[in-house]
Amino acid sequence: MGKLLEVKNLRIDFKTYGGEVHAVRGVNFEVKQGETIGIVGESGCGKSVTAKAIMKLLASPPARYKEGSITFNGKNLIEASEREMERIRGNEISMIFQDPMTSLNPTSKVGVQIMESVLKHNQISRKKAYNHALETLQLVGIPQPEKRMEQYPHEFSGGMRQRAMIAMALVCQPKLLIADEPTTALDVTIQAQILELMKDIQKQSETAIILITHDLGVVAEICDRVVVMYAGKVVESGTVLEIFQNPEHPYTKGLLKSVPRFDMDKSVPLSPIIGSPPDLFSPPKGCSFYPRCDYAMKICKDHDPEPEDVGNGQITACWLQHSMAKVMNTHTATNVGGGTKR
Amino acid sequence: MTTDVKNVELDDDSKKKVPLVQVKNLRKYFSVGKQKLKAVDGLNFDIYEGETVGLVGESGCGKSTAGRTMIRLYEPTDGEVLFQGKNIYDHSEKKMAKIRRDIQLIFQDPYASLNPRMTVEEIIGEPLTIHGVVKGKEKKKRVEELLKLVGLSPEHINRYPHEFSGGQRQRIGIARALALHPKFIVCDEPISALDVSIQAQVVNLLKELQKEMGLTYLFIAHDLSMVKYISDRILVMYLGKMMEFSDSETLCNEPLHPYTKALLSSVPIPDPTIKRERIVLSGDVPSPINPPSGCVFRTRCPNAMEICSSAVPEWKEQKPGHFVACHLFW
Ligand SMILES: Nc1ncnc2c1ncn2[C@@H]1O[C@H](COP(=O)(O)OP(=O)(O)O)[C@@H](O)[C@H]1O
Ligand SMILES: Nc1ncnc2c1ncn2[C@@H]1O[C@H](COP(=O)(O)OP(=O)(O)O)[C@@H](O)[C@H]1O
Ligand code: SF4
Ligand code: SF4
Ligand SMILES: [Mg+2]
Ligand SMILES: [Mg+2]
């Protein structure tokens, strides 16, 4: 499968009254045609900023693209003009959000909104656009689509609104769909409906998906690969199987251990990650996970580890993966970080 | 451990013991214009001392209303809640003020529930002042103890809520709830707004405190895997009514009610090697202003039969300690 998107060394700052927020501090990942990538990490780690950066939806100022490239279909979007981006948005790359009302206009009929999206990017008749919109509503499982076309967003229930937003995002058959916490605000039974819908989309279309979520269960269920972010950086990435079965980065391990398993013994305490993520106004010089890491070594405090390929395409940024550290670790490394085992 | 489910289920002594909280036929309706919204419509269950009962169901099914009515933040439309054997709604205001020391609430949103203009000392110390427990230096000492108890540094006593992370704020909310040495705490989605790694911190803390202080919890949540982990027994609600109630192992491993089954199969499992057939419910939850006749779940139930639209299924003890409301069990 061909490479559709490549994000390379992306750095983004925000200028605020309190100083500069270093929100994204060197993000690297790629998305192949038709695959589904999950981006996970604690709130504030830069997931949404990364997603909006790809769509060039960050207002500048306060945002500043400091470094890096976002190559989509061979084109660096950072250098693309707003006009070019308007052609790409909604047509080649679409985005859906946690709150569907951020994409839907409350004052306009749902059908009209979806049709306009089609007409904006395609030179076809209104009749054709109408039919296409109708088909898309059907595809996302909205019953009585003819009737629904004539209704306003507030006449839709939460789950149906989510579907309408997905219909709107898919109507132009984008090559890439970015879904930022699309099910976080939904109840589990409605989340289940949306997840099944996303699986259908995976099967029926060539659309690649970037799914941002904090729910590791959702990732395990529908993603091919996972990108784990921490404090504005990618700390680990790999196939779903590798990340869940052989996580190498202490943060990934910690995340996986902190969720209770269904078959877990109740008398065993959960293993949280102690403390909280660093302040992105003045991110640490060394490994940003150092103060919370159970495995921290002296070098981690002042030196940031580089991403290393640890095999099978799994990439981990941690000193433990350094070829020298691996040998040394067994003999001399001592726990010097803030992390304490509970 | 005193909270072990076996103590509640199998121990003959505890069966004879009076439950700490008894909920009897509890209803809470709200007026919406001229109509009645049946937020809570007939709850019957007990909570034993030292036990955690989990309360689950989709948003809007009445969990918060149930919790708030159970500690008399709301007056009920009908029914009783017995605390230590006495109906709390019968108490005079003066007597109720005393009871309030024993029953507390922890909120979902650690951002909205703390007054931004109060220091940590004022927030945690407020219940102590209101109930005239301690003053001045004594109060400060007590607040410092409470901060330590919930794993915060006593040095934080003069700080404001915005200076803390979400998990830390939830700890402040817990310290406040614990200030008066309560017996029973309604935890209303205390971890839903927190990151997974932080959720585990707060859940461990709640469990430790329960063991140390002999606390009894009603733990409201929509995350079934966390509810299963923390609860001895679980009550499943739908549209203001009880669907199923049982010890948590049985409820999760051998559910009887079609709604419980669907809820369980909806939870995504963080293990990519597990593939399963999921029960996907169609549609959304109907409005509690105009709930379906008969079984309220029938509009989404994959097993619905004719009788389900005409008769309300009875609350039945299908197996010892395992209750269910469904016509499939007759
Ligand atoms: N418009 C903005 N101005 C200042 N800081 C921002 C802005 N948007 C995001 N940030 C900061 O960037 C960091 C990453 O945010 P975000 O990408 O939204 O996190 P998340 O991983 O939860 O989606 C956070 O520290 C956030 O406060
Ligand atoms: N103060 C109120 N006035 C009117 N309706 C309310 C009030 N509080 C809750 N409700 C309604 O009662 C139902 C149950 O709400 P709630 O107890 O908050 O559910 P849950 O906590 O399970 O999400 C909902 O339909 C809600 O809109
Ligand atoms: S071992 Fe060092 S480099 Fe690796 S995560 Fe821990 S602190 Fe960071
Ligand atoms: S009573 Fe009928 S509709 Fe209700 S849960 Fe049982 S089978 Fe389904
Ligand atoms: Mg976000
Ligand atoms: Mg609630």
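The values are calculated or read from the model by the stated rules, or taken from the named source; none is laboratory data. Since the model is a prediction, treat every value here as computed from it, not as a measurement. Counting neighbours? That spans all protein chains shown, and the Cβs are built from the backbone with ideal geometry, glycine included. These area figures cover heavy atoms from the full protein model, side chains too; ligands, DNA and RNA do not enter into them. Shrake-Rupley method; radii C 1.70, N 1.55, O 1.52, S 1.80 Å.
Summary of computed values
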| read-out | value |
| --- | --- |
| Selection within segment A:56-70 - outside any loop (DSSP other than H, G, I, E, B), over 19 Å from residue A:237 (Cβ atoms) and open to solvent by 30 Å² or more (accessible area, probe 1.4 Å) | A:64, A:65, A:66, A:67 |
| Residue in segment A:246-263 that is facing chain B (nearest Cβ under 10 Å), outside any loop (DSSP other than H, G, I, E, B) and free of Cβ contacts under 8 Å to residues at least 12 places away in the same chain present | no |
| Among the residues listed as B:153, B:192, B:197, the single one being modelled with pLDDT under 90, of a type in the set (Ser, Thr, Tyr) and within 16 Å of ligand 2 (Cβ to nearest atom) | B:192 |
| So residue B:68, is it assigned to a helix (DSSP H, G or I), at pLDDT 95 or above, open to solvent by 30 Å² or more (accessible area, probe 1.4 Å) and more than 14 Å from residue B:216 (Cα to Cα) | yes |
| The one condition in (1) open to solvent by 60 Å² or more (accessible area, probe 1.4 Å); (2) closer than 19 Å to residue A:304 by Cβ that residue A:73 fails to fulfil | (2) |
| Residues of segment A:39-55 classified as touching an Asp or Glu at 6+ places or on another chain (Cβ under 8 Å), away from ligand 3 (no atom under 16 Å from the Cβ) and part of a loop (DSSP other than H, G, I, E, B), total | 1 |
| Selection from segment A:28-45 of residues that are within 14 Å of ligand 5 (Cβ to nearest atom) and either β-branched (Val, Ile, Thr) or open to solvent by less than 10 Å² (accessible area, probe 1.4 Å) (or both) | A:38, A:39, A:40, A:41, A:42, A:45 |
| Single unsatisfied condition, residue B:94 versus (1) away from ligand 6 (no atom under 16 Å from the Cβ); (2) touching a helix residue (DSSP H, G or I) at 6+ places or on another chain (Cβ under 9 Å); (3) not in a loop (DSSP other than H, G, I, E, B) | (2) |
| Pick from segment A:202-221, criterion in a helix (DSSP H, G or I) and open to solvent by 10 Å² or more (accessible area, probe 1.4 Å), ranking: farthest from the other protein chains (Cβ to nearest Cβ) | A:204 |
| Residue under evaluation residue B:234, criteria (1) within 7 Å of another protein chain (Cβ to nearest Cβ); (2) of a type in the set (A, V, I, L, M); (3) open to solvent by less than 10 Å² (accessible area, probe 1.4 Å), criterion not met | (1) |
| Conditions (1) in a loop (DSSP other than H, G, I, E, B); (2) surrounded by 19 or more Cβ atoms within 10 Å (Cβ to Cβ): number failed by residue A:282 | (2) |
| Near pairs, Cβ below 6 angstrom, 6+ apart or cross-chain, from segment B:53-82 (within 14 Å of another protein chain (Cβ to nearest Cβ)) to any residue that is open to solvent by 20 Å² or more (accessible area, probe 1.4 Å) and within 16 Å of ligand 6 (Cβ to nearest atom) | B:58/A:187; B:58/B:285; B:59/A:187 |
| Candidates B:113, B:192, B:197, B:165 - the one that is away from every other protein chain (no Cβ under 14 Å), closer than 30 Å to residue B:270 by Cβ and either surrounded by fewer than 22 Cβ atoms within 10 Å (Cβ to Cβ) or free of Cβ contacts under 8 Å to residues at least 24 places away in the same chain (or both) | B:113 |
| Residue among B:247, B:223 that is among the acidic types (Asp, Glu), in contact with a strand residue (DSSP E or B) (Cβ under 8 Å, 6 or more places away or on another chain) and open to solvent by 10 Å² or more (accessible area, probe 1.4 Å) | B:247 |
| Residue in segment A:300-309 that is more than 12 Å from ligand 3 (Cβ to nearest atom), without any contact (Cβ under 8 Å) to a residue 40 or more places away in the chain and more than 14 Å from every other protein chain (Cβ to nearest Cβ) present | yes |
| Residue in segment B:209-225 that is away from ligand 4 (no atom under 16 Å from the Cβ), within 9 Å of chain A (Cβ to nearest Cβ), in a loop (DSSP other than H, G, I, E, B) and touching a residue at least 12 places away in the same chain (Cβ under 8 Å) present | yes |
| Candidate set: segment A:135-174, residues that are among the charged types (D, E, K, R) and either free of Cβ contacts under 8 Å to residues at least 40 places away in the same chain or buried (at least 19 other Cβ atoms within 10 Å of the Cβ) (or both); chosen: the one farthest from residue A:114 (Cα to Cα) | A:155 |
| Residue match in segment B:291-300 (condition: over 23 Å from residue B:186 (Cβ atoms), within 11 Å of another protein chain (Cβ to nearest Cβ) and over 23 Å from the mean Cα position of the chain (by Cα)) | yes |
| Residues within segment B:237-247 that are within 12 Å of another protein chain (Cβ to nearest Cβ) and under 14 Å from the mean Cα position of the chain (by Cα), tallied | 0 |
| Unique match (being open to solvent by 50 Å² or more (accessible area, probe 1.4 Å) and away from chain A (no Cβ under 14 Å)) among B:306, B:254 | B:306 |
| In segment A:222-245, residue farthest from residue A:210 (Cα to Cα) [restricted to those that are more than 10 Å from chain B (Cβ to nearest Cβ) and among the hydroxyl-bearing types (Ser, Thr, Tyr)] | A:230 |
| Identity of the residue in segment A:265-295, touching a helix residue (DSSP H, G or I) at 6+ places or on another chain (Cβ under 7 Å), of a type in the set (Gly, Ala, Ser) and closer than 30 Å to residue A:20 by Cα, that ends up nearest to ligand 4 (Cβ to nearest atom) | A:276 |
| Failed item in (1) at pLDDT below 95; (2) away from ligand 2 (no atom under 16 Å from the Cβ); (3) within 14 Å of chain A (Cβ to nearest Cβ); (4) open to solvent by 50 Å² or more (accessible area, probe 1.4 Å), with residue B:285 passing the rest | (2) |
